[in-house]
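Structure record follows, encoded as structure tokens.
The values are calculated or read from the model by the stated rules, or taken from the named source; none is laboratory data. Keep in mind that this is a model prediction, so the values were computed, not measured. All Cβ positions, glycine included, derive from the backbone under ideal geometry; neighbour counts span all protein chains shown.
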DNA sequence: TATTGTTATACTCTATAACTATA
DNA sequence: TATAGTTATAGAGTATAACAATA
């Protein structure tokens, strides 16, 4: 397991990483603003809506949503509570497993997503894809899902290098 | 130039976008955790430290920091306050312009960044670059900075299409 | 007047820990 | 015992608007 510290990022990689941070930040800001203005929701709720929408049944389990959206369960409960109050989703106990809660998209929720989506795509396109060549897009479309799968699989946070003990008495 | 709504994202682009969202989220979480554990700082303060560190003088103006980090000025003031309290930076009025405030990295701040950086790079590598081919990295290194520059230049939020009214009768 | 930065404030979000209920 | 979810809570972070000072 060569999960050691022997190959640090080179300057090129680091520059790419910093630029990625900035791009992600800019994109997130733009998107957040559009969602807020056009639909009165934030990125978290948008993610939930999109997740449910893309499900054949329009349903999903709380825990699965939390996992796929990188949320704590309590955090998801909070958002789900807001969304239920707003009439965007319903929550009902699972049929097979009484412990679980199935979240379901309401017509209003579906409608909201459909109403917000055009502007959302527009922003993403203007802010992001507008600047990409066809090849860029193909590259991303190939890379990102692959990358996501890897990251999902990777050890969440094991082997945490305590400190690459170079200097022994820091300070 | 055709900043209209005539070319929505296709399925491929949208999938890439969703995956990008997820990747960014996973990466952010991992990074945030490492920074918090190893340095007691969050991504925002890390960004500030990195920005100052990469400056030849170790200094920067408040507003410039806020802009480059996509923050409101009050938000930056808050972070700067925390960091000053922690001894990571100092704030002093600008020499040329008395209105401005120059933020400067202290030795402790520099030391913190240097202490945190190895683990940070390690996480980024394990979480992200580990899965990329050499070509992937080159592609990103080429694309991301370019993309960032475009996004910085793009109209911050003008021409906000009230709703895809491409026709001449916007309702 | 315009710009820079801070303050006051209010609010959103998020996570941790304790708890309930089901498997 | 292990899993699913909620609740209580507490804290970090963020933005808006009003304000003070300088250009």
Within region B:34-52, residues within 9 Å of DNA strand D (Cβ to nearest atom) and either within 11 Å of another protein chain (Cβ to nearest Cβ) or within 13 Å of the chain's Cα centre (by Cα) (or both) come out as B:42, B:43, B:44, B:45
Residue check, residue A:32 at pLDDT 80 or above and assigned to a helix (DSSP H, G or I): yes
A careful count of residues in region A:34-70 that are farther than 30 Å from residue A:96 by Cβ, exposed (fewer than 15 other Cβ atoms within 10 Å of the Cβ) and within 12 Å of DNA strand C (Cβ to nearest atom) gives 3
Tell me, which residue of region B:53-70 that is within 14 Å of another protein chain (Cβ to nearest Cβ) and in contact with a helix residue (DSSP H, G or I) (Cβ under 7 Å, 6 or more places away or on another chain) is farthest from DNA strand D (Cβ to nearest atom)? B:53
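Mind telling me which of the residues A:101, A:23, A:116 ends up being surrounded by 17 or more Cβ atoms within 10 Å (Cβ to Cβ) and more than 14 Å from every other protein chain (Cβ to nearest Cβ)?
A:101
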Restricting to region B:71-87, name every residue that is away from chain A (no Cβ under 14 Å) and either in contact with a strand residue (DSSP E or B) (Cβ under 9 Å, 6 or more places away or on another chain) or near DNA strand C (Cβ under 8 Å from one of its atoms) (or both). B:73, B:74, B:77, B:78, B:80, B:81, B:83, B:84
Quick one: in region B:96-125, of everything that is within 15 Å of DNA strand D (Cβ to nearest atom) and at pLDDT below 95, which residue is nearest to the chain's Cα centre (by Cα)? B:116
